[in-house]
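Rule-based calculations on the coordinates, nothing more; no lab input. All values derive from a computational prediction rather than experimental measurement. All Cβ positions, glycine included, derive from the backbone under ideal geometry; neighbour counts span all protein chains shown.
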Amino acid sequence: MAEVPAIELKNITKTFGPIVANKDVCLVANRGEVLSILGENGSGKTTLMNMISGIYYPDHGQIFIDGKEVEIKSPKDAFNYKIGMIHQHFKLVDVFTATENIVLGLKDEGRYNLKKSAAKIKAIADLYGFVLDPNKKIYDMSVSEKQTVEIIKVLYRGADILILDEPTAVLTPQETRRLFSVLTRMKADGKTIIIITHKLNEVMEISDRVSVLRKGEYIGTVLTKETSESALTEMMVGKKVELNIDRSEPQNPEDRLIVAGLNCENREGVKVLDNVSFTAKSGEILGVAGIAGSGQRELLEAIAGLQRLESGSIIYNNPKTKEQENLRNKTPIQIRELGVRLSFVPEDRLGMGLVGNMDLTDNMMLRSYKKGHTAFLERSKPKELAEQIVEELEVATPSISTPVRRLSGGNVQKVLVGREIAAAPTVFMAAYPVRGLDINSSYLIYNLLNQQKEKGVSVIFVGEDLDVLIALCDRIVVLSSGKVTGIVDARKTTKEEVGLLMTKTFGDAEGGEK
Amino acid sequence: MLGFHVVKRSKDATPWWIAWLIRIGAILLGALVCALVTVVLTGKDPIYVFTTMVNGAFGTERKLWSLLQGIAMLLCVSLAVTPAFKMKFWNIGAEGQALMGGLAAAACMMFIGESLPNWLMLLVMVVTSMLAGAIWAVIPALFKARWNTNETLFTLMMNYIAIQIVSYFICVYATGGSGKIDVINASSHIGWMPSIGGKAYLLNVIIVLALTVFMYVYLKYSKHGYEIAVVGESENTAKYIGIDVRKVIIRTMIISGLLCGLAGFLLVSGADHTISRDTIAGRGFTAIMVSWLAKFNPIVMILTSFLLVFFEKGSGQVSQICGLNASFSDVITGIIIFFIIGSEFFINFKIMKNEKEGK
């Protein structure tokens with residue numbers, strides 16, 4: 001096999017402020033091959049591909065196309081070098097047909113001759129085995145058809161190098177198989193295909209070589225036929241990092257929240273929670289691990305009363321009254337009225353947990369503004385609480401009347417976590433509470449979670465860093481595509497075990513405790 | 001490549017006084033352009049033009065009261081749309097809501113006639129006007145809450161329906177083929193707002209001032225106001241803390257409609273004493289600007305509505321003296337608004353000279 005590198009990256013570095021998204025990444029993709037880019041969330045895969053497709057511009061490093069150094073300053077430049085990217089979130093005009101979307105923005109003479117363009121689209125579709133009606137409107141299309149339009153859009157523009165960002169995340173297994181057969185034909189036609197993914201089985205199935213990124217750094221490239229899923233997992237998650245997080249033994253754990261058989265569909269009718277069952281105990285930290293979008297958000301929102309469920313039950317054991325309450329499909333107000341003290345730190349801090357344009361005091365009131373019998377707000381207690389949180393959690397803010405959106409990410413999170421803890425919860429849920437936080441703020445949050453646990457609170461922690469999950473939690477529920485693929489003892493498990501459970505796509509959930 | 005590029009100012013680095021300097025500068029610059037346009041059109045010197053404007057607005061006691069009444073009416077409609085806007089519910093239908101209020105007031109005057117004492121009559125009129133405005137406002141809110149229809153289009157369309165209803169009313173009840181309704185109860189003054197100390201508009205002004213204070217307190221210190229702010233900033237946050245978003249939308253639009261209806265009442269009972277398609281005179285739309293320019297702060301809205309009414313009255317005087325038609329005052333107002341809105345761009349962004357790109 002004569003290897004002609006179609007595209008080569010040398011020492012690409014990209015930083016966003018203090019965050020290094022890519023550091024000295026080197027990559028080679030050849031003509032007529034499928035290269036997988038594998039890595040956890042936040043490992044810099046998408047940033048890297050955005051630099052090839054002209055959306056970002058690298059701080060350092062070189063890009064070579066067919067052996068010649070090039071500068072890609074805009075998506076237009078990328079098109080000129082025959083690079084096409086299919087984004088995870090489709091960029092299509094809903095009320096246009098497939099053909100109209102495909103020719104949109106093109107300057108060639110064909111743009112006013114939609115019949116001719118449609119014929120050309122049909123020819124491309126037939127060549128690679130796509131099924132597509134060029135005259136169908138986008139809003140009538142399924143997710144997989146929309147993806148087909150995106151792929152043909154870049155092929156129509158003559159792309160030889162195709163980058164697909166998590167193309168299978170939105171597809172059913174059957175659609176995935178169809179996509180793979182199309183990719184195989186394109187490969188045979190001499191196209192270079194770069195596919196971003198974190199599903200190991202797909203990597204093994206479709207790609208010729210795999211390049212692995214971890215926390216922005218390039219780890220290495222291996223031939224697919226010479227590697228195995230477990231070897232790739234190790235490259236992806238790395239060696240165990242020692243974290244000095246104190247972990248106490250749970251004291252008198254009682255079943256606090258019994259989640260059984262949760263099923264939930266999103267607006268498109270795709271199952272986002274599939275028969276999820278577990279029990280959260282008092283005085284322990286229950287971790288939830290999974291690739292982003294495996295149902296973590298829906299799970300927490302269902303418990304918090306923000307997500308409608310198709311079926312299942314969420315039983316809360318009230319430690320005071322010893323009564324059992326089913327929280328399913330209750331509103332947050334109803335849940336509070338039942339005397340359930342549930343705190344929730346959502347993933348979207350400024351878009352959900354706090355109001356960015358309001359100051360600290362007004363944000364403290366979010367949960368409690370209804371208190372008091374008058375029609376007017378009572379701001380003195382929230383103000384005290386804001387002052388107390390600023391002092392105890394060392395929030396860096398000019399004053400408590402500063403809008404929270406002006407605070408840095410770590411301080412925003414301290415305000416939010418501080419408020420939720422102040423409600424003296426019996427169940428404390430936190431989604432990605434340390435995302436984007438520096439190391440000190442992260443440890444402060446870990447300590448707060450541990451304090452809650454020692455107070456007998458049942459803590460549910462959705463995390464993305466496996467090292468942290470394993471060091472902090474008592475047990476870990478692993479989700480994959482909305483299913484529980486395992487519940488493991490964090491003291492005995494390994495990153496590889498959790499990593500494998502996270503990427504397990506088919507087969508039944510094992511369930512049960514180990 | 002030499003040139004300029006636009007940089008977003010960081011919110012922390014723009015102190016409030018810089019923002020106000022930019023705004024005042026913009027108004028002065030706008031006034032300058034207005035003067036230039038006037039000089040070109042009339043050939044008079046700019047100082048004369050400005051003194052004519054000031055005269056037109058404040059010149060006589062009658063003019064001063066007309067200015068105050070103009071401010072009060074514009075402010076009243078602006079106060080009405082503000083809670084909806086703060087909730088990010090784009091109520092473009094204040095014109096129709098106020099017109100329905102005015103129609104209700106006029107209808108009371110015509111049909112209940114002179115059988116009630118004036119105080120009771122006024123009470124009946126206030127209640128029916130406000131209800132009419134509220135009904136006109138709550139219809140789009142119900143559709144929004146139930147089927148998530150677009151409130152901008154819906155409220156806008158409701159304006160035209162209101163105007164057609166008033167047209168129908170005029171057709172049927174117009175006096176003697178004149179095509180308009182004459183001053184109602186001209187002799188008995190039943191349903192007319194009483195004048196205080198001979199000042200016909202004083203009561204209107206006092207009512208609107210009280211309303212301004214009420215709206216300020218309502219938005220800033222009441223639980224309702226807090227809910228409106230949360231829903232406006234982020235519907236997700238509202239749901240997260242258990243606010244019933246639909247309920248807040250409907251309730252706030254009822255308040256918005258009630259106040260629009262009140263504005264219609266004040267215009268009919270306190271000033272026109274009749275109803276026409278033009279009773280609201282576009283205030284429902286101008287109010288949107290008043291509210292936005294003041295960043296939804298009712299107290300600041302006194303200032304913005306003064307500014308708009310002042311230029312309208314002042315340029316009206318200029319066009320009268322210099323023999324220009326009424327569109328002249330629209331031109332002047334347009335220029336001023338252009339500069340005020342344009343200044344917001346320079347508050348949020350700054351222009352930087354391009355530096356030579358180094359690699």
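Here chain A carries DSSP beta bridges of which approximately 55% are antiparallel, counting only pairs with both residues inside.
Normalising the average separation of contacting C-alpha pairs (under 8 angstrom, six or more residues apart) by the number of residues puts the relative contact order of chain A at 14 percent. Residues whose amide H falls under 5 Å from that of A:Ile86, counting only those 5 or more places apart or on a different chain, are A:Ile163, A:Leu164, A:Asp165, with hydrogens built in the peptide plane.
At R0 = 22 Å, how high is the FRET efficiency between A:Lys225 and A:Leu127 if r is their beta carbon distance? Nearest 0.05 is fine. Spell out each step's value before the answer.
Details: r = 27 Å, r/R0 = 1.25.
After rounding to 0.05, the efficiency reads 0.20.
Note on chain A: Cα-only Rg and Dmax are 25.1, 80 Å.
Where both residues lie in region A:5-237, what percent of DSSP beta bridges are antiparallel, nearest 5? Working shown, then result.
Values: 23 of 42 bridges.
DSSP beta bridges in region A:5-237 are roughly 55 percent antiparallel.
What is the angle, in °, between the Cα long axis of helix A:409-422 and the longest principal axis of the Cα atoms in chain A? Nearest 10 is fine, range 0 to 90. Computed tilt is about 40 degrees. Taking a ≥ b ≥ c as the square roots of the eigenvalues of the Cα gyration tensor of region B:115-240, is the shape rounded (a/c under 1.5), prolate (a/b larger than b/c) or oblate? Judged from the Cα gyration tensor, region B:115-240 comes out oblate (a/c at least 1.5, b/c at or above a/b).
Treat every Asp and Glu Cβ in chain B as -1 and every Lys and Arg Cβ as +1, leave all other atoms uncharged, and give the resulting dipole magnitude about the Cα centre to the nearest 20 debye.
Details: 27 positive and 18 negative charges, 199 e Å.
Taking the Cα centre of chain B as origin, the dipole is about 960 debye.
Given a Förster distance of 60 Å, report the FRET efficiency between B:Val245 and A:Arg247 from their Cβ-Cβ distance, rounded to the nearest 0.05. Present the calculation step by step, with values, prior to reporting the outcome.
On the way: r = 41 Å, r/R0 = 0.68.
My answer for the efficiency is 0.90.
Using DSSP H assignments, which helices in chain B have an axial alpha-carbon span of 24 Å or above and a mean Kyte-Doolittle hydropathy of -1.0 or higher?
Working: long enough: B:16-42 (39 Å, 2.14); B:61-86 (36 Å, 0.92); B:94-111 (25 Å, 1.18); B:118-147 (43 Å, 1.47); B:151-173 (33 Å, 1.35); B:202-221 (28 Å, 1.97); B:245-267 (33 Å, 1.69); B:298-321 (34 Å, 1.16); B:327-348 (32 Å, 1.60).
Flagged H segments are B:16-42, B:61-86, B:94-111, B:118-147, B:151-173, B:202-221, B:245-267, B:298-321, B:327-348.
Just checking the output field for A:373-385: average partner chain Cβ neighbours within 10 Å of each residue's Cβ?
Numbers: counts 0, 2, 6, 9, 7, 2, 2, 0, 0, 0, 0, 0, 0.
Shielding by partners across A:373-385 averages 2.
What is the distance in Å between the Cα centroid of region B:40-108 and that of region A:92-157? The two parts, judged by their Cα centres, are 53 Å apart. Note on B:Phe58/A:Ala423: beta-carbon distance plugged into 1/(1 + (r/R0)^6) with R0 of 51 Å gives a FRET efficiency of 0.35.
Exposure proxy check: B:Tyr240, B:Tyr168 ranked by fewest other beta carbons within 10 Å?
Values: B:Tyr240 24, B:Tyr168 10.
The order, fewest Cβ neighbours first, is B:Tyr168, B:Tyr240.
Reported to the nearest whole Å, the Cα centre-to-centre distance from region A:455-481 to region A:405-438 is 16. Compared with the dominant Cα axis of chain A, that is its longest principal axis, helix A:114-128 is turned about 80°.
What's the magnitude of the charge dipole for the protein assembly as shown around its Cα centre, counting Lys and Arg as +1 and Asp and Glu as -1 at the beta-carbon? Answer in Debye, nearest 20. If you can, show how the numbers build up before the last one.
Working: 94 positive and 87 negative charges, 301 e Å.
Taking the Cα centre of the protein assembly as shown as origin, the dipole is about 1440 debye.
Sequence-distant contacts, meaning Cα pairs under 8 Å at least 6 residues apart, place the relative contact order of region A:5-237 at 29 percent.
Shielding by partners for peptide A:343-354, expressed as the average number of C-beta atoms from other protein chains within 10 Å of each residue's C-beta, is 3.
Nearest 5 is fine: what % of DSSP beta bridges in the protein assembly as shown come out antiparallel, could you say? In the protein assembly as shown, approximately 60 percent of DSSP beta bridges are antiparallel ones. Subtracting the Cα-Cα distance of B:Trp16 and B:Glu114 from 0.36 nm times their residue separation leaves 29.8 nm of extension gain.
Multiplying the sequence separation of B:Ile161 and B:Val183 by 0.36 nm and subtracting their Cα-Cα distance, what value in nm do you get?
Working: separation 22, 0.36 × 22 = 7.92 nm, distance 2.39 nm.
Value of the extension gain: 5.5 nm.
Inter-label distance, A:Asn447 to A:Lys76: 5.4 nm, where each label sits 7 Å from its Cα along the C-beta direction.
Between the Cα long axis of helix A:173-188 and the first principal axis of chain A there is an angle of about 30°, rounded to the nearest 10. Sorted ascending by nearby beta carbons within 10 Å, beginning with the fewest, B:Ser115, B:Ser78, A:Ser311 become B:Ser115, A:Ser311, B:Ser78.
Taking label positions 7 Å along the Cα-Cβ direction at both A:Gln88 and A:Glu323, the computed distance is 4.3 nm, reported to one decimal.
Just need the relative contact order of region A:286-339 here, percent rounded to a whole number, with Cα pairs under 8 Å and 6+ apart. Don't skip to the end; give the middle numbers.
Numbers: 51 pairs, mean separation 16.2, N = 54.
Here the relative contact order equals 30 percent.
Spacing of the modelled spin labels on B:Val40 and B:Phe345, each 7 Å from Cα toward Cβ, amounts to 1.9 nm. Once you sort the root eigenvalues of the Cα gyration tensor of region A:1-90 as a ≥ b ≥ c, which label holds: rounded (a/c under 1.5), prolate (a/b larger than b/c) or oblate (the other case)? Taking the square roots of the gyration eigenvalues as a ≥ b ≥ c, region A:1-90 is rounded.
When the helices in chain A are scored as -39500 (n - 2.57) per DSSP H run of 4 or longer and the sum is shared across all residues, what 222 nm value do you end up with, to the nearest 500 deg cm²/dmol?
My calculation for chain A gives -9000 deg cm²/dmol from helical runs alone.
Listed by chain and number, the lysines placed with their C-alpha closer than 21 angstrom to that of B:Lys295 are B:Lys8, B:Lys11, B:Lys86, B:Lys88, B:Lys220, B:Lys223, B:Lys350; residues fewer than eight positions away on the same chain are left out.
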